[in-house]
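Accompanying notes for the structure given below.
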Amino acid sequence: MNGFLNCSANHTKIWSHYLVLALGIPQLTINVISIIFNCTVIFTRLATRDLHKPISILFCNLAISDLFTSFSGFWISMLFITNPDITIFGSRDMLAPYSLYTMSILSTIYNLVSIGIERYLAVAKSMRTRFRVARNHSIAVVFINWVLAFFLGCLPLMGWNCLHAQSNISVLYSPFCVNYLVFIAMPNVAVAFLVPLFTYLRIIIILRKRKLRMQACGQATGTYRSAETQVARTSISIWLLALVSYAPFLAGVIFDAANQRCHGELYPGVYIFRNCTAMLITLTCLGNPLLYTLRLRALGAWLKAPCGLWASRVRACAAIGHV
């Protein structure tokens, strides 16, 4: 079990001033850039009145989640720069920013999963299902995502913290408890990896089947092949971004749960790793607008998921088959 029971209670300053600046300033910079990017996304969506589309609601909500993540990350970075030792030994001052940070990350994960499912349904509906995601469905999903993220993220504020229970306190994210971090990280990071992996693989497989059917009747075009390649690349980029961002955090939580050493023995390497994982998560908030909202060339093909092109070609192929 983790904890500080056998560690010295003398909370002396152990951070180097230069190391604090070397870690804190890049964190602040990335968070500020992410805040600007996501504010731009939100204002652009509102100005263009694009929220009548279900997918646009999910994109806008993703930007809001990333904005909260970046803001809370900025808050934590400021606390780290002004008083870095409270990020090691724990303080009541860290509960609110850490809880907001957790809630925002969870909301981002749920939004990424929701977008992947919506894109899968948009592609698959022309094959087997006639279910269409409506605006009301997206609004309901957004509401459920935030309620769940708010409840799970605020559990430490409601009492599940280790301010007065040193035997289970996290050495990386004090005053959070290790069992809380395991409870939050394990299932949610697994969802962030597995659900998008399934949905995007299914999208690629469906488009590949469509291309083979079009080739069978001589209807495959260079445009469709190019679109299929762009869809595959964008889907892989989305999944890799999640993997690079959340896998180190999960590794840190696993290390935290298995750790038997005191905080002084872990300085500085483990705490540098912790701060780097926070920067990687913020990079996700910076990458999401680029991949989802700023209309990259590959994203244009992914959003269209050439359903209409495929449907028209298949009808032509069917007509040829009946001649």
Odd one out for THR40 among (1) in contact with a Pro (Cβ under 8 Å, 6 or more places away or on another chain); (2) crowded, with 18+ Cβ neighbours inside 10 Å; (3) β-branched (Val, Ile, Thr): (2)
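Just one of LEU212, LEU194, LEU163, LEU172 is open to solvent by 10 Å² or more (accessible area, probe 1.4 Å), within 30 Å of GLU265 (Cα to Cα) and of a type outside the set (S, T, N, Q); which is it?
LEU163
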Unique residue being open to solvent by less than 30 Å² (accessible area, probe 1.4 Å), more than 24 Å from ASP93 (Cβ to Cβ) and under 18 Å from the mean Cα position of the chain (by Cα) when the list is ILE64, ILE33, ILE57: ILE57
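Each row is one residue, and each column tells you yes or no for (1) part of a helix (DSSP H, G or I); (2) at pLDDT below 90; (3) in contact with a Lys or Arg (Cβ under 7 Å, 6 or more places away or on another chain); (4) within 25 Å of ASP93 (Cα to Cα).
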| position | (1), (2), (3), (4) |
| --- | --- |
| CYS162 | no, yes, no, yes |
| ALA185 | yes, no, no, yes |
| ARG208 | yes, yes, no, no |
| ARG233 | yes, yes, no, no |
| ALA242 | yes, yes, no, no |
Top-ranked residue of the stretch 277-299 - restricted to ones that are open to solvent by less than 30 Å² (accessible area, probe 1.4 Å) and of a type outside the set (A, V, I, L, M, F, W, C), ranked as modelled with the lowest pLDDT: THR293
Hey, LEU266 open to solvent by less than 40 Å² (accessible area, probe 1.4 Å), under 27 Å from SER72 (Cβ atoms), at pLDDT 85 or above and among the aliphatic types (A, V, I, L, M) or not: no
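Of all the residues that make up the stretch 134-160, how many are open to solvent by less than 30 Å² (accessible area, probe 1.4 Å) and either in a helix (DSSP H, G or I) or at pLDDT below 90 (or both)?
Here the count works out to 6.
The values are calculated or read from the model by the stated rules, or taken from the named source; none is laboratory data. Since we're looking at a predicted model, the values are computed, not measured. FYI the Cβ positions are ideal-geometry reconstructions off the backbone, even for glycines, and counts take in every protein chain you see. Heavy atoms of the whole protein, side chains included, go into the accessibility calculation; ligands, DNA and RNA do not. Shrake-Rupley method; radii C 1.70, N 1.55, O 1.52, S 1.80 Å.
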